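The block underneath contains the structure these notes are about, expressed in structure tokens.
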Amino acid sequence: MIVDTAAPTAPAPEIERVDIPGLAERLDRTWKTPKTLYGALASVDHKTIGKRYMVTAFIFLMLAGLQAAAMRAQLARPENALISPEAYDQLFSMHGTTMIFWYASPILSGFSNYLVPLMIGSRDMAFPRLNAFSYWTFLLSGLLIYSSLLAGVAPHGGWFAYVPYTNAQYSPGLNMDFYALALLFLTVSTTAGAINFIVSIFKMRCPGMSVSRMPLFMWSTLTTSVAIVFAMPALSAALIFLELDRRYGTHFYDPVRGGAPLLWQHLFWVFGHPWVYIVILPATGMASMIIPTFCRRPIVGHTYVALATVSTGIFGFGVWAHHMFATGMPALSTTFFSAASMGVSIPSGMQIFAWLATIWAARRHVLATPMLFMLGFICLFVIGGVSGVMTASVPFDLQATDSYFIVAHLHYVLVGINLFPVIAAFYYWLPKMTGRMLSERLGKWNFWTLFIGVNLTFFPMHIVGLRGMPRRVYTYPAGMGWDGLNALETIGAFITAIGVLLFVINVIKSLRGGALAGPNPWGASSLEWMVSSPPPEYNFVTIPTVISREPLWDAHDERTGPAGEIDDTPPDAARAPMRSFGAHAQVQTPQEVSDRSSTAELRPWRVLDDGKETLETTLLDADPQAILRLPEDTIWPLILSLALMGAFVAALFKAPVWAAIAGAITLISIAGWLWPKPGTYPAPRLRA
Amino acid sequence: MLPQLRAIYDTGPSMFATAGPEAQSLATLGWAMIAVGTIVFLVVMALLLVPLWRRRHVLSEEGPPELVNERAWVLYGGAAIPGLILAGIFVLTLGTMRASLSAGPAPLTIEVIGHQWWWEVRYPEQAIRTADEIHLPVGRPVKVILRSADVIHSFWVPNLAGKTDVIPGTTNSMWLQADNAGTYRGQCAEYCGMQHAHMALSVVAEAPGQFARWVADQRSVAHPPADSATLTGERVFLSSPCVFCHQVRGTPAGGQIGPDLTHFGSRLTIASGALPNTRGNLAGWIENPDRIKPGTKMPAIPLDGPQLLAVVAYIESLK
């Protein structure tokens, strides 16, 4: 076997740290969240929020996994009567909806939340309170949709809920109202989170981290966030139309009264296909961070990978109708979408070949668990990509669509390009978050169980699909050529479940006493590995400067700075006008900081210890531009989120009075959120 | 209970067990893409795995990283070569689409209407109305007009052609042609509610002479009862609520909501392919439809034992 178990070693010296006596303690006092219940509910720290996102999303993954296990048990043999059709419909609808909306995207938001400020050398996200609000809204919307499962009225229309089956005539009851309202509630969270990432990545990179030096994970998070902002409105519109049709007698989708069932499909997939890239691009960004570390060299074709990431995000908007080839569209339209859908695989091909080249030209292959998951990821990605190109071919798709072939394809894509990189990322970054390593031994067991289980579950689905088995059937007749393969898939599903369980055991063991990680256990190159594990609340004692794409592999002296690379004087006021973000983001000129700073020999805008301060820089070159003062912890985002939840529950039960009350609390919480604290925040002092 | 449905069909419903020109060209395209995809997969896996053990002992972390021809790897390997392969697949796709658009001479037209959860089949030129079973003459192109009575369904007979969605408010159409005589299974492919799993149909492709005889049989009104058992059955049937939904041409029963029963006895399956058409299965179905298809729109009709047997005898006599 080719697995190399040698412990990774750090290949290059780290940045020489600056050391200012007393500064760390001062920052600690400013940034610390008290360990009380109030502190926990009010925290706006991106690391806390990121961890909460990850834990919550992973719990949703396990819930949806249990639903999948129940379905596989039902399908283990033909004409099985383990689960009623009604329950089965709710199971596959909840499985898909949970995995797509409450696991696949939020888990990546968790990693991005934790990692973006650390990777760009900032002390928090641009809007920490909005960040807390995004999390609470994500959690509460998930609770809202899961409450339907407890009440036995879970959504039963599949995750894409085609009308008219989901309208009030064919789906009376609250099932589809839960779906529409919980999802609408979630879009608020997702959109707010995306805006936060965009602004943070654009404006809060540390000095020197010009666009060309941004880590590739920033490119993928940025692309994804922009795609969310453009894709979400289509989903929101589709859901609002659905609720209006169901509750208030409109006819957007009602064919009897001039509505169009296909309008739903267009709106849903205009959102839905970009969403596929939204849940895989950050994971490819993770791959572009992890693979170079274990090959001990910079990624090959950094610029191409960044370009490929952005172009995938853009082309992802032009392929939605390939979900609709069988609807009777004109041949000219299907031909166009067929070509576009094949074309969108080219940027993915570029990414894969960049990783292959990086592995080919490695300085050393370190086959630790994260790297094993990366190799598995490339394998599954290629299989999912090949079956994707096959379904992009219109005539073939007419056989494959809505059959188990599609189930196989979408699981290879989502398990391969979301779950595998996410597990790799846990093995890779969890030591940063907890300070403790995961077991490599258990990790290898984890990898092989999951890899074998996933392939055993999903590969036979290609074959049963081509043998004519439609998806979303709660049972099937014997003798059609599907029996043995379905039994195999069920066995695979349970092996997959063991794989996930091994991962959870590994995490628990690590938390209870894994080996200490130290700041940079893998010898990686990006800025998050510069600080202690786990990082202090304020992330960086001083805001770092970078002079390359791999700052930790290209050592330089922090005090003197690289000659010619970074302007050593404070930014000129005319060139870098002071600006303020919102009510809480106050600014001070670098000169004022330097006046009160005891460390005048350091470039002054890097100390930032007068309150929760961090640096704003210019969009392209990341030149220092202004000092941002970030808001204190507050409970208002949670109250706002609860009030919104109240409004959605009131809408669910058609209670206008309660909706009005919840609406009023919403407005009050927004006021509370934005209320300036007298004395704490001086008015912006702009340089004359 | 495992009904021996498989015995009814000549092949499994695989897209590669082709019985007509359309399915044949789709299968050819499918095999071509599977072959190309397999080669692509093997090449990528070789590029991924070979360096891992070939270079294992010669690598060194000293010195600068090896220079790599970025353009060769990423632009040629990752974009240009895949682009050429995709262009080839796209040309194949266009060729297959072009072949499938052309219709043959003298088509037969049938209408298929999707219901929750059964297929209504009409032959407008022959004035035939039946359910869950399509008969085709071998070698003749058939135009299928697709409509829905309620939600979206999808019409799929993998041995003969790809799917076409059946959408309310829209009329879709597709072409079927069977070149090999035989019985093929079709099934609804778009999730349409609780009994989506039990919404199958049979396609019987037969020689033109046999097809003509079938048409003649189906056009006729129901055969009158020939013995006392079926006569009793007819009386019970006509006085039961069955007639509100079901039609038996030649009798007062004229319901249009459910499947036409005029020639029920000639069909291969009952309850849209859920069970083979036998007396035992039919009795079980009438007695408690919800046990076989939970959620079905067909209610249980309160009949005592002798009445049930008589009705079963009557309906099965409707050949």
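Name the residues in segment A:385-401 that are within 9 Å of chain B (Cβ to nearest Cβ), touching a residue at least 24 places away in the same chain (Cβ under 8 Å) and in a helix (DSSP H, G or I), would you?
A:G385, A:S387, A:V389, A:A392, A:V394, A:D397, A:L398, A:Q399, A:A400
Please go through segment B:7-35 and pick out each residue that is touching a Lys or Arg at 6+ places or on another chain (Cβ under 9 Å) and farther than 17 Å from B:S100 by Cα.
Matches in segment B:7-35: B:I8, B:Y9, B:T11, B:G12, B:P13, B:S14, B:A17.
Among the numbered criteria (1) touching a Ser or Thr at 6+ places or on another chain (Cβ under 6 Å); (2) surrounded by fewer than 18 Cβ atoms within 10 Å (Cβ to Cβ); (3) under 30 Å from A:R26 (Cβ atoms), which single criterion is violated by A:I498?
Status for A:I498: all satisfied but (3).
Scan (1) more than 7 Å from every other protein chain (Cβ to nearest Cβ); (2) touching a His at 6+ places or on another chain (Cβ under 8 Å); (3) within 25 Å of A:V226 (Cα to Cα) for the single condition A:S338 breaks and write down its number.
Failing condition for A:S338: (1).
Among the candidates A:Y412, A:Y404, A:Y474, A:Y428, single out the residue that is within 14 Å of chain B (Cβ to nearest Cβ), at pLDDT 95 or above, in contact with a helix residue (DSSP H, G or I) (Cβ under 6 Å, 6 or more places away or on another chain) and within 24 Å of A:L502 (Cα to Cα).
A:Y412
If you check B:I85, B:I39, B:I89, which single one turns out to be within 9 Å of another protein chain (Cβ to nearest Cβ), at pLDDT 95 or above and within 30 Å of A:L372 (Cβ to Cβ)?
Answer to the selection: B:I85.
From the list A:A81, A:A69, A:A132, which one is part of a helix (DSSP H, G or I) and more than 30 Å from A:K612 (Cβ to Cβ)?
A:A69 is the lone residue from the list that is part of a helix (DSSP H, G or I) and more than 30 Å from A:K612 (Cβ to Cβ).
Does A:T449 satisfy the criteria of being away from chain B (no Cβ under 14 Å), without any contact (Cβ under 8 Å) to a residue 60 or more places away in the chain and of a type in the set (S, T, N, Q)?
The answer is yes for A:T449.
Show the residue pairs that are 6+ apart or on different chains and have beta-carbon atoms under 8 Å apart, the first residue being within segment B:143-154 and touching a residue at least 24 places away in the same chain (Cβ under 8 Å), the second being surrounded by 22 or more Cβ atoms within 10 Å (Cβ to Cβ) and among the polar types (S, T, N, Q).
From residues that are touching a residue at least 24 places away in the same chain (Cβ under 8 Å), the pairs are B:V144/B:T164; B:L146/B:T164; B:S154/B:T164.
Count, please, the residues in segment B:169-202 that happen to be surrounded by 19 or more Cβ atoms within 10 Å (Cβ to Cβ), more than 15 Å from the chain's Cα centre (by Cα) and either free of Cβ contacts under 8 Å to residues at least 60 places away in the same chain or more than 9 Å from every other protein chain (Cβ to nearest Cβ) (or both).
Adding up the residues that qualify gives 1.
Answer yes if at least one residue in segment A:244-251 is touching a helix residue (DSSP H, G or I) at 6+ places or on another chain (Cβ under 6 Å) and assigned to a helix (DSSP H, G or I), and no otherwise.
No, segment A:244-251 has no match at all.
Filter segment B:42-56 down to the residues that are more than 7 Å from every other protein chain (Cβ to nearest Cβ) and at pLDDT below 95, then identify the one that is nearest to the chain's Cα centre (by Cα).
B:L49
From the list A:V188, A:V211, A:V163, exactly one residue is hydrophobic (A, V, I, L, M, F, W, C), touching a Leu at 6+ places or on another chain (Cβ under 9 Å), buried (at least 23 other Cβ atoms within 10 Å of the Cβ) and in contact (Cβ under 8 Å) with a residue 60 or more places away in the chain. Which is it?
One residue alone meets the criteria, A:V163.
Determine which member of the set A:V344, A:V422, A:V382 is among the aliphatic types (A, V, I, L, M), facing chain B (nearest Cβ under 7 Å) and either under 22 Å from the mean Cα position of the chain (by Cα) or crowded, with 24+ Cβ neighbours inside 10 Å (or both).
Just a single option satisfies the conditions, and that option is A:V382.
Quick one: is A:A326 touching a Leu at 6+ places or on another chain (Cβ under 8 Å) and farther than 25 Å from A:N455 by Cα?
Yes.
Looking at segment A:166-178, is at least one residue of a type in the set (S, T, Y), closer than 30 Å to A:K432 by Cα and outside any helix (DSSP H, G or I)?
no
Has segment A:50-63 got any residue that is under 23 Å from B:Y191 (Cβ atoms), more than 14 Å from chain B (Cβ to nearest Cβ) and out of contact with any strand residue (DSSP E or B) (no Cβ under 7 Å at 6 or more places or on another chain)?
yes
Give A:A354, A:A368, A:A326, A:A362 a once-over and let me know the one that is touching a residue at least 60 places away in the same chain (Cβ under 8 Å) and touching a strand residue (DSSP E or B) at 6+ places or on another chain (Cβ under 7 Å).
A:A326
Which of the residues spanning segment A:235-273 are surrounded by fewer than 16 Cβ atoms within 10 Å (Cβ to Cβ) and within 14 Å of chain B (Cβ to nearest Cβ)?
A:H251, A:V256, A:R257, A:G258, A:L263
Going by the structure shown, is A:P117 part of a helix (DSSP H, G or I), under 14 Å from the mean Cα position of the chain (by Cα) and buried (at least 21 other Cβ atoms within 10 Å of the Cβ)?
The answer is no for A:P117.
Of the conditions (1) among the aromatic types (F, W, Y); (2) facing chain B (nearest Cβ under 7 Å); (3) crowded, with 24+ Cβ neighbours inside 10 Å, A:W360 fails just one. Which one is it?
Only one criterion in (1) among the aromatic types (F, W, Y); (2) facing chain B (nearest Cβ under 7 Å); (3) crowded, with 24+ Cβ neighbours inside 10 Å is unmet by A:W360, namely (3).
Could you go through segment A:444-457 and let me know if any residue there is at pLDDT 95 or above, among the aromatic types (F, W, Y), in contact with a Gly (Cβ under 7 Å, 6 or more places away or on another chain) and closer than 23 Å to A:T369 by Cα.
Checking segment A:444-457: at least one residue is at pLDDT 95 or above, among the aromatic types (F, W, Y), in contact with a Gly (Cβ under 7 Å, 6 or more places away or on another chain) and closer than 23 Å to A:T369 by Cα.
Which one of the conditions (1) touching a helix residue (DSSP H, G or I) at 6+ places or on another chain (Cβ under 7 Å); (2) farther than 30 Å from A:S200 by Cα does A:M645 fail to meet, given that it meets all the rest?
(2)
Against the definition (within 14 Å of chain B (Cβ to nearest Cβ), out of contact with any Phe, Trp or Tyr (no Cβ under 6 Å at 6 or more places or on another chain) and of a type in the set (V, I, T)), how does A:T166 come out, yes or no?
So A:T166 fits the description; yes.
The values are calculated or read from the model by the stated rules, or taken from the named source; none is laboratory data. What you see is a predicted model, and the numbers here were worked out from it, not measured in a lab. Virtual Cβ from ideal backbone geometry, glycine too; neighbours counted across all protein chains shown.
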